[in-house]
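The block underneath contains the structure these notes are about, expressed in structure tokens.
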Amino acid sequence: MTAAGAIRPRIGVLAVQGAVGEHEAALADVGARTTRVRVPDDLDGLDGLVIPGGESTTFGVVAGQSGLLNAVRTRVDEGMPVLGTCAGMIMLAGGIADGGPQPLIGGMDIVVRRNAFGRQVHSFEADVAIPVVGDPPMRGIFIRAPWIEEAGPSVEILAVHGGHPVAARDATRIVAAFHPELTDDRRLHRLFVDGVRTKGAVTQPREDSVVGAQ
Ligand code: GLN
């Protein structure tokens, strides 16, 4: 990371689909510079990356065809910090429960269940306590949201809703099943950008990481 990056890190927002502008606004509010990432070269010089929501299957196909998926995977595997929301969380998962094969970025030791909250609660809002960002709870907007079905020891669960983990982090990644960019609560973006700013990584997970649903 450059010295300038340490103060105002440059964060890419994958601009294949989803709430790109809203993520850019949130990142700007917490002091980051932003770049839209559409092709592999756009990843050059970035200090971190946001993967918005959308449809993970569409994302996998479109980004796969352009070579972007492989390029992102390489950077993420090298340790570039990433924030993934909703479909972005799915893209970062190591696997999908009961899902057919679909292209993923992978790398995070979680298994997610797509559209997990069921048809009757297709989209909903709920207060989600996220102790790591403090009180009050964040207003979570869930849109055909996944949950985390399994998590390995490198993963710290940050939030649980309805008995299922809906936000988590490891050393370089933060994921949320909901859409923090659709509210004006910047605490999750701040957690991410502060992690990028101070150490070029998101955090160090606790030793006693919570594993799986609780
Ligand atoms: N249901 C979508 C998927 O499976 C995710 C929805 C979202 O990103 N809001 O990819």
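Read-outs throughout are calculated quantities, based only on the coordinates presented, and are distinct from any laboratory measurement. Because the structure is a prediction, the values reported are computed rather than measured. A quick note on method: Cβ atoms are made from the backbone with ideal geometry, for glycine too, and the neighbour counts reach across all protein chains shown.
The set of residues from the stretch 37-71 being of a type in the set (Val, Ile, Thr), buried (at least 18 other Cβ atoms within 10 Å of the Cβ) and within 16 Å of the ligand (Cβ to nearest atom) comprises Val50, Ile51.
When Glu24 is tested against (1) within 16 Å of Gly88 (Cβ to Cβ); (2) over 18 Å from the mean Cα position of the chain (by Cα); (3) of a type in the set (D, E, K, R), exactly one condition is not met: (2).
The conditions of being within 16 Å of the ligand (Cβ to nearest atom), closer than 18 Å to Val193 by Cα and out of contact with any strand residue (DSSP E or B) (no Cβ under 8 Å at 6 or more places or on another chain) are met by Gly21. Residues in the stretch 72-96 that are in a strand (DSSP E or B), in contact (Cβ under 8 Å) with a residue 24 or more places away in the chain and within 10 Å of the ligand (Cβ to nearest atom) were compared, and the one that is surrounded by the fewest Cβ atoms within 10 Å (Cβ to Cβ) is Gly84.
Of the residues that sit in the stretch 131-149 and are surrounded by fewer than 21 Cβ atoms within 10 Å (Cβ to Cβ) and either of a type in the set (S, T, N, Q) or part of a loop (DSSP other than H, G, I, E, B) (or both), which one is nearest to the ligand (Cβ to nearest atom)? Residue satisfying both the conditions and the ranking: Arg144.
A quick yes/no check of all residues on (1) without any contact (Cβ under 8 Å) to a residue 40 or more places away in the chain; (2) farther than 29 Å from Pro40 by Cβ; (3) touching a Cys at 6+ places or on another chain (Cβ under 6 Å):
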site: Pro101; (1), (2), (3): yes, no, no
site: Asn115; (1), (2), (3): yes, yes, no
site: His122; (1), (2), (3): yes, yes, no
site: Asp127; (1), (2), (3): yes, yes, no
site: Gly134; (1), (2), (3): no, yes, no
site: Arg139; (1), (2), (3): no, yes, no
site: Glu149; (1), (2), (3): no, yes, no
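Has the stretch 98-115 got at least one residue that is within 12 Å of the ligand (Cβ to nearest atom) and in contact with an Asp or Glu (Cβ under 8 Å, 6 or more places away or on another chain)? Yes, that holds for at least one residue. So for the stretch 14-30 (the condition being farther than 27 Å from Thr183 by Cβ and in contact with a Lys or Arg (Cβ under 8 Å, 6 or more places away or on another chain)), does at least one residue qualify? No; the residues of the stretch 14-30 include none that is farther than 27 Å from Thr183 by Cβ and in contact with a Lys or Arg (Cβ under 8 Å, 6 or more places away or on another chain).
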